[in-house]
């Protein structure tokens, strides 16, 4: 049960520096911290040491690791092959070696999310600081439990009744394969309810993401107008996957810089440009991450008595937000993302009677 | 048949500015140019105009478009449903509306690649300047024809003989679905050879990527050590997908900056920091993209008489490169990427007799 902290924004070197400083700050407070980065030179260059694919200690309470997709894929592939041997009379994957598997788009995301989940569940860390790509593709990764849930619940019923569903249900291989990528323990007695297993895991992932004490993102920008606009865009896009954004961090040696109006009601911290030799001024200027995250606007709120769903969608204009209702679910499109919302039981099946967009909130009435 | 030009590097605002300047340069030379960016604020903010999801003219010979995954997905989904109606007696996808589909990791990549392919084949453009993420995830996208080819050729034979393969081959739905995402025209008489259809498309994609007159990338950096290290890493990683890197562009107002030693033999262009009001100094400092790309080292060369395969792998040290041979193919791992190489017919089936890594080349002897 770790706090998972990450940063969003366009200036990627700044983001990595702030991730390092945040990891150092949390470690200095006595938390056991894992600083996790991508397989690229930023982290080792800024830390001044090589960084491997297994966590290594680099200070008191502080470990660092790089996520390399190829090595994460190797581990997962061995589990896939093991499952195949259990379920198929004539396994065919046994001749494929994990070391020869190329990486396809999308694999990086699924494997990184699974790795974070495993480090979280290991109980070894109180905080995981993840220095990802900080852009929409990172939000796609963190949003996977939400978006996959939709595919599972929407396709399941349609699928089981179909010709193809019937063909595949006779092969006991496909669903274990899916579950292995998410590393479920699959036993004979749970095999009868594979979809429920997956749903439980996805529900757990969504619950973790929705809890600002467990997962929080902070925006990072300079005063560059492109970076500011991108930070606002990512702020709104985060809400679409249910990710809490706790605050804004502005990297500038000019402490009088004021971006509060663009990001209200988020608290704004101005931090000095990092130097490679002295991290302390940057560390000292960082906000209290947990406090800010717990006080931030919630991405979604259900008001049962008022028969309303309220979605926080900052950074978008009214015309950029689309709302549609298909069957029992409500689809909200904003930015390059769609969110399908299952209304609470008391509003389920009700038709939308009104919607308005004001003060950064989309308010849907039933 | 357009030139597809893209930029790699960590400083993303600089990259977008250079993409805009490159598009303006090529348009001023009389080429019909499409400037394509991601669905985020960078391009509209820098151009000072809204940018839509269909190409719009913003100057003589110059169109601009943003790739929005949700809208690309809608188009593709309609084709999928159409195919389903043709092939399945009881279609089940008809009840899923494209407007409710959430985006999963990996979809962005496949859809962007397909969109670039369609704009290329439209014949409307002489050059497509693609301002993507400029990182490893963009290389995964451009490397898809290569990596998917491996999955097709390696899994096909294993798969058709398997229990699952037999189950699925009785459902004529799965392969048309794959082909639709790549937008092949599928007719009854080609249905007997679906894998060949896919292979042809992938082979075509690989051939385009291997031709420096068709696809070229340029590295963008400042003198920041993290950006320089990242540019070197992306240089080597590009070779792993067969992407030609034509040169290095250094953004700096200090024209005496010298990074040539780190990037030899690439030509280095130093360009001034862009301003939003006057693009001309930046445009004037840009290199001749096609000339530099055609003179750049080739990612892979086969020397039949010397019984050698030579791979250009700059930016990596010897210990970061792994070479293995499984069956008929040779796997090269460097960075976070794997490349599976099919030796030419005269070397096929031969065992590797030696390998050395020198002057940025991995030389494999058979």
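If you go through the stretch B:220-252 and keep only what is away from chain A (no Cβ under 12 Å) and assigned to a strand (DSSP E or B), you end up with B:220, B:245, B:246, B:247, B:248, B:249, B:250, B:251. Taking the stretch A:10-47 as the range and being at pLDDT below 95 and over 22 Å from residue B:237 (Cβ atoms) as the test, only A:14 passes.
Scoring residue B:22 on the criteria (1) within 14 Å of another protein chain (Cβ to nearest Cβ); (2) surrounded by 23 or more Cβ atoms within 10 Å (Cβ to Cβ) leaves a single failure, condition (1). Between B:33, B:65, the distinction of being more than 13 Å from chain A (Cβ to nearest Cβ) and more than 23 Å from residue B:251 (Cβ to Cβ) belongs to B:65 only.
Can you tell me which residue in the stretch B:117-149 is nearest to the chain's Cα centre (by Cα), limited to those that are assigned to a loop (DSSP other than H, G, I, E, B) and within 14 Å of chain A (Cβ to nearest Cβ)? Only one residue fits best here, namely B:143.
Would it be correct to say that residue B:355 is without any contact (Cβ under 8 Å) to a residue 40 or more places away in the chain and either surrounded by fewer than 19 Cβ atoms within 10 Å (Cβ to Cβ) or within 14 Å of chain A (Cβ to nearest Cβ) (or both)? Spelling it out, residue B:355 is indeed without any contact (Cβ under 8 Å) to a residue 40 or more places away in the chain and either surrounded by fewer than 19 Cβ atoms within 10 Å (Cβ to Cβ) or within 14 Å of chain A (Cβ to nearest Cβ) (or both). Select, from B:258, B:273, B:288, the only residue that is within 14 Å of chain A (Cβ to nearest Cβ), surrounded by fewer than 19 Cβ atoms within 10 Å (Cβ to Cβ) and closer than 28 Å to residue B:22 by Cβ. Sole residue among the options that is within 14 Å of chain A (Cβ to nearest Cβ), surrounded by fewer than 19 Cβ atoms within 10 Å (Cβ to Cβ) and closer than 28 Å to residue B:22 by Cβ: B:273. Screening residue A:208 against (1) assigned to a helix (DSSP H, G or I); (2) at pLDDT below 95; (3) within 14 Å of another protein chain (Cβ to nearest Cβ); (4) touching a strand residue (DSSP E or B) at 6+ places or on another chain (Cβ under 9 Å) leaves a single unmet condition, (3).
If I ask for residues that are in a loop (DSSP other than H, G, I, E, B) and closer than 20 Å to residue A:135 by Cα, which ones from the stretch A:260-295 would you list? Matches in the stretch A:260-295: A:266 only. Under the condition of being more than 7 Å from every other protein chain (Cβ to nearest Cβ), buried (at least 17 other Cβ atoms within 10 Å of the Cβ) and either without any contact (Cβ under 8 Å) to a residue 24 or more places away in the chain or over 23 Å from residue A:333 (Cα atoms) (or both), the residues counted in the stretch B:93-112 number 1.
Every residue, every condition in (1) touching a helix residue (DSSP H, G or I) at 6+ places or on another chain (Cβ under 8 Å); (2) at negative phi; (3) crowded, with 17+ Cβ neighbours inside 10 Å; (4) touching a residue at least 40 places away in the same chain (Cβ under 8 Å), yes or no:
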| position | (1), (2), (3), (4) |
| --- | --- |
| B:282 | yes, yes, yes, yes |
| B:306 | no, yes, no, yes |
| B:311 | yes, yes, yes, yes |
| B:317 | no, yes, no, no |
| B:347 | no, yes, yes, yes |
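Annotation: residue A:180 fulfils all but one of (1) surrounded by 15 or more Cβ atoms within 10 Å (Cβ to Cβ); (2) in contact with a helix residue (DSSP H, G or I) (Cβ under 6 Å, 6 or more places away or on another chain); (3) modelled with pLDDT of 50 or more; (4) more than 30 Å from residue A:10 (Cβ to Cβ); the unmet one is (3).
The values are calculated or read from the model by the stated rules, or taken from the named source; none is laboratory data. Everything numeric here is computed off the predicted structure, so don't read it as measured data. All Cβ positions, even for glycine, are placed from backbone atoms using ideal geometry, and neighbour counts span all protein chains on display.
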